[in-house]
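Enquirer: The following block contains the structure, expressed as C-alpha cells.
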Amino acid sequence: MLVLLDQTRLPAEEVELVCTDASALVEAIRSLAVRGAPLLGIAGAYGVALAAARGFDVDAAAESLAGARPTAVNLALGVRRAQGAYRGELTRSGSVQAAAGAALAAARELHAEDAEASARMAGRGLALLDELLPGGGHRVLTHCNTGALVSGGEGTAFAVALAAHRAGRLRRLWVDETRPLLQGARLTAYEAARSGMAYTLLADNAAGSLFAAGEVDAVLIGADRIAADGSVANKVGSYPLAVLARYHHVPFIVVAPLTTVDLATPDGASVEVEQRPGFEVTEIAAPSAAGAAGEAGGGVPVAPLGTQAYNPAFDVTPPELVTAIVTEEGTVSPVTAEALAELCGGSRRMSRS
C-alpha cells in the first residue's frame, strides 16, 4: 500500500490516505490529495511499484497514472522511470518479483534524488536572492504551494524562502491565497506557520496594491512544466504576478528541478493546460468535509446555480518575464532556449560520466 498525507484536508486535519492500488492513486492525484510537480513524479513511480508488487498489469497502471494530470511533466517522468526499471529487470531475469523490486528501488532512488535537488535549489536560490537584493531583509511573494508538501525534500520556491528564514534574511513571506482551491492559504500558510516564518496571507487580487506600495522585493514560484524556450507553466495566477513584477522592476524567479524542463515541448503555446471542473470556482468547499476538490454540490455556492466557470489549473509565463530559473544543476538568467538546452545537456553529460 501507499500512504499519503491527504492535502485536501489541510489545514483543518492531518489525515492519512491509504492507496491500495494504482486506480486509488490516480483518484488521489486528480482530487489533489497529492499534488505538486516533483511529488507527483515520486508518487507516480511508487504507484507503478505498487501495481507491480500486487501483481496488476504494470503497463496499464503506468498509462493510467501518467495521464492523471497532463500539465505536470514530472508525473509521467516518474512513472516511466519505474516502469522502465520493471521492464528491464523482467527482461533480464524473467522474475516478476525481482522486477517489482526494481520498480520500488527506482521510486526510492527518485525520492532521494528529489530531496537532494531540493537542498541544492535552496542554496542556489538564496545565493541569487542575496546577489539581487544585497543587505538581506528579503520580502518575498509566493504563489500556490511549493514546500515539503510537493517534494521529497523541503520543496522548490518555498525551500528558498525557508533557507532565507533560517539565515535570518527573510523579513516577510507574502502568501497568495491561490484561488480557487486556496493552496496558498491552506498549504503554504500551514507550512510557514510550522516553520516559524514571518508570513502574511493576501487575496490574490491584492498583489497589485502590495507591489504598488513597494512591499515586494522578489517573487518566488515553482513550475509544473518549463518549455524548451523557457516558458513556464505554473499554477494559474502566476502570469499576472510576472506582469506586475516586470512593471514594478521586481525580480521574478522560478525554482524547479531540472526534470521539470521539458525540451520536447517547444514553447508555451504547446503546453497542455489542464482544465478543471467549474464547481471549484462556483463553490467553496470546506477542507475538513469532502476535501478541497470534492464533488459538485459539496461546497458553499458563491455564484448562481448554472453559472459557467472558466477554470484552468495553470497559466503560462513567457520567458522574457522571467528573471531567472533556478535548478539544482544551475541558474539560467537571462532565460533563453539556448541556455536551457546547455544546462540540460551539461546535466545529462554529468549523469553519464
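Enquirer: Within a 10 angstrom radius of the beta carbon, how do Phe279, Phe158, Phe56, Phe211 rank from fewest other beta carbons to most?
Expert: Lowest count first: Phe56, Phe211, Phe279, Phe158.
Enquirer: Say R0 is 25 Å: what FRET efficiency, to the nearest 0.05, do Thr307 and Leu201 get from their beta-carbon distance?
Expert: The pair Thr307/Leu201 has a calculated efficiency of 0.40.
Enquirer: Hey, another quick one. What relative contact order, as a whole-number percentage, does region 2-114 give when Cα pairs under 8 Å and 6 or more residues apart are counted?
Expert: Relative contact order for region 2-114 comes out at 25 percent.
Enquirer: List the relative contact order of the chain as a percent without decimals, with contacts defined as Cα pairs under 8 Å and 6+ residues apart.
Expert: 16
Enquirer: In region 2-114, if the dipole is taken from +1 on Lys/Arg beta carbons and -1 on Asp/Glu beta carbons about the Cα centre, which of Ala102, Leu39, Val3 is farthest to the positive end?
Expert: Of the candidates, Ala102 comes out farthest on the positive side.
Enquirer: Sort Arg108, Arg124 by Cβ crowding within 10 Å, fewest neighbours at the top.
Expert: Arg108, Arg124
Enquirer: What nm distance separates the two modelled labels at Leu263 and Asp59, each placed 7 Å from Cα along Cα→Cβ?
Expert: Here the modelled spin labels are 2.8 nm apart.
Enquirer: What order do you get for Tyr190, Tyr86, Tyr310 when you list them from fewest to most C-beta neighbours inside 10 Å?
Expert: Result, fewest neighbours first: Tyr310, Tyr190, Tyr86.
Enquirer: Using a Gaussian network model of the chain whose springs link C-alpha atoms within less than 10 Å, name the residue from Ala49, Ala164, Ala341 with the highest mean-square fluctuation.
Expert: Ala341
Enquirer: Over region 62-124, what is the relative contact order in percent, taking alpha-carbon pairs closer than 8 angstrom and at least six residues apart?
Expert: 25
Enquirer: So, one more: From the Cα gyration tensor of the chain, with a ≥ b ≥ c the square roots of its eigenvalues, which class applies: rounded if a/c is under 1.5, or else prolate if a/b is larger than b/c, or else oblate?
Expert: oblate
Enquirer: Can you give the FRET efficiency to the nearest 0.05 for Glu320 and Glu131, using r as the Cβ-Cβ distance and R₀ = 30 Å?
Expert: Between Glu320 and Glu131 the formula returns 0.90.
Enquirer: Take each uninterrupted DSSP H stretch in the chain, measure its Cα extent along the helix axis, and return the ones at 20 Å or beyond whose mean Kyte-Doolittle hydropathy is at least -0.5.
Expert: Going by DSSP H runs, the hits are 37-53, 73-93, 96-132, 337-352.
Enquirer: Roughly speaking, what is the stretch gain from Ala105 to Ala193, that is 0.36 nm per residue apart minus the C-alpha to C-alpha distance, in nm to one decimal? Don't skip to the answer; put the middle values down first.
Expert: Details: separation 88, 0.36 × 88 = 31.68 nm, distance 3.40 nm.
Full-extension gain reported as 28.3 nm.
Enquirer: Do the sum for the chain: with -39,500 (n - 2.57) for every DSSP H run of n ≥ 4, divided by all residues, what is the mean residue ellipticity at 222 nm, to the nearest 500 deg cm²/dmol?
Expert: When only DSSP H runs of four or more count, the value is -13000 deg cm²/dmol.
Enquirer: Go ahead and run the numbers for FRET between Ala167 and Ile284, Cβ-Cβ distance against an R0 of 45 Å, rounding to 0.05.
Expert: E(calc), rounded to 0.05, equals 0.75.
Throughout, read-outs are computed from the coordinates displayed, never taken from laboratory work. Every value quoted in this text rests on a predicted model; they were computed, and no experiment measured them. Every residue, glycine among them, receives a Cβ derived from its backbone with ideal geometry; neighbour counts consider all protein chains shown.
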